[in-house]
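Below is one structure, written out as structure tokens; the observations come after it.
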Amino acid sequence: MSEREGETFRREDWYAEELEAVRYTRCSFHEVDLTEASSRGAVFTECTFGNVRFNASRHVDSAFVGCTFKRCNFFDAEFEGCKLVGSQFQQCVVRPMRVMGGDWSFVALPGADLRGSSFQSLRMREVDLTGANCAEAVLSGADLSGAQLHSAKFTRCDLRGSDLRSMDPLTVELSGALITPAQAVVLVRSLGPDVQETESAAAF
């Protein structure tokens, strides 16, 4: 595996590059064009990305651990089975983004505009979605245990199969959200009532 550490890359054209078996540690990327690039098994650890274009890029089984993304563009980007534990997104364009599988625990996306994005079947433990706009997004089969969701908007969002135990229905917007009867019971219980899971409750 090719390894680079502590290097800085500025205004480089990596359009449609294929990044495989590469490892970058504590590197800085500034105004790098990764449009339509692809990565498979690539590892970025504690790297900083500033004004980097990830438009229409594809990432499979890659890792961006403890990374910081500032003013980056992820329009139409796709992540499959990727690990982004502890990474932060600041003033980034992250819609529409598609994520399938992987581990996005402890990721910081406060105030992010995630409308129409898709996050399916992945771990998002203690993710920070404070004030995020997830309207008409898909957030299904996600482990959201311990997530920070205060003031987030889930209008017409597909939340089916996700762990909603950390969600306070009084502090988020849920109008038109798609949930299962079991999830409805979890949300009602968070308000205090002792809900009996009878046959009628299951049909709620």
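Looking at 22, 32, 52, can you tell me which residue is free of Cβ contacts under 8 Å to residues at least 40 places away in the same chain and either under 18 Å from the mean Cα position of the chain (by Cα) or in the same structural domain as residue 144 (by the TED database) (or both)?
Unique residue meeting the criteria: 52.
Give all pairs with beta carbons closer than 9 Å in which a residue from the range 163-192 that is assigned by the TED database to the domain that holds residue 141 and at positive phi meets a residue that is surrounded by fewer than 18 Cβ atoms within 10 Å (Cβ to Cβ) and among the hydroxyl-bearing types (Ser, Thr, Tyr); count only pairs at least 6 apart in sequence or on separate chains.
176/155
Of all residues in the range 48-91, which are surrounded by 22 or more Cβ atoms within 10 Å (Cβ to Cβ) and either of a type in the set (Val, Ile, Thr) or not in a strand (DSSP E or B) (or both)?
Correct list: 52, 54, 57, 62, 67, 72, 74, 77, 84, 87.
Of the conditions (1) under 18 Å from residue 103 (Cβ atoms); (2) more than 16 Å from the chain's Cα centre (by Cα), residue 162 fails just one. Which one is it?
Among (1) under 18 Å from residue 103 (Cβ atoms); (2) more than 16 Å from the chain's Cα centre (by Cα), residue 162 violates only (2).
Among what's in the range 8-30 and is within 18 Å of residue 77 (Cα to Cα) and either touching an Asp or Glu at 6+ places or on another chain (Cβ under 8 Å) or of a type outside the set (Asp, Glu) (or both), pick the residue that is surrounded by the fewest Cβ atoms within 10 Å (Cβ to Cβ). So that I can check it myself, show each step before the final result.
Step one: of the range 8-30, the residues within 18 Å of residue 77 (Cα to Cα) are 13-20, 29.
When the remaining residues are screened for being either touching an Asp or Glu at 6+ places or on another chain (Cβ under 8 Å) or of a type outside the set (Asp, Glu) (or both), the result is 13-16, 19, 29.
Working: 13: 10, 14: 18, 15: 14, 16: 13, 19: 20, 29: 23.
Looking at residues that are within 18 Å of residue 77 (Cα to Cα) and either touching an Asp or Glu at 6+ places or on another chain (Cβ under 8 Å) or of a type outside the set (Asp, Glu) (or both), I get 13.
So, of the residues in the range 95-146 that are of a type in the set (Ser, Thr, Tyr) and assigned to a loop (DSSP other than H, G, I, E, B), which turns out to be surrounded by the most Cβ atoms within 10 Å (Cβ to Cβ)?
Once the filter is applied, the top-ranked residue is 117.
Taking residue 2, is it at pLDDT below 95 and farther than 22 Å from residue 117 by Cα?
Yes; evaluated as a whole, the condition is true for this residue.
From the set of residues in the range 178-196 that are in contact with a helix residue (DSSP H, G or I) (Cβ under 9 Å, 6 or more places away or on another chain) and modelled with pLDDT of 90 or more, which is farthest from residue 158 (Cα to Cα)?
185
The values are calculated or read from the model by the stated rules, or taken from the named source; none is laboratory data. None of these values were measured; they are calculated from a predicted model. Note: ideal-geometry Cβ built from the backbone for every residue, glycine included; neighbour counts use all protein chains shown.
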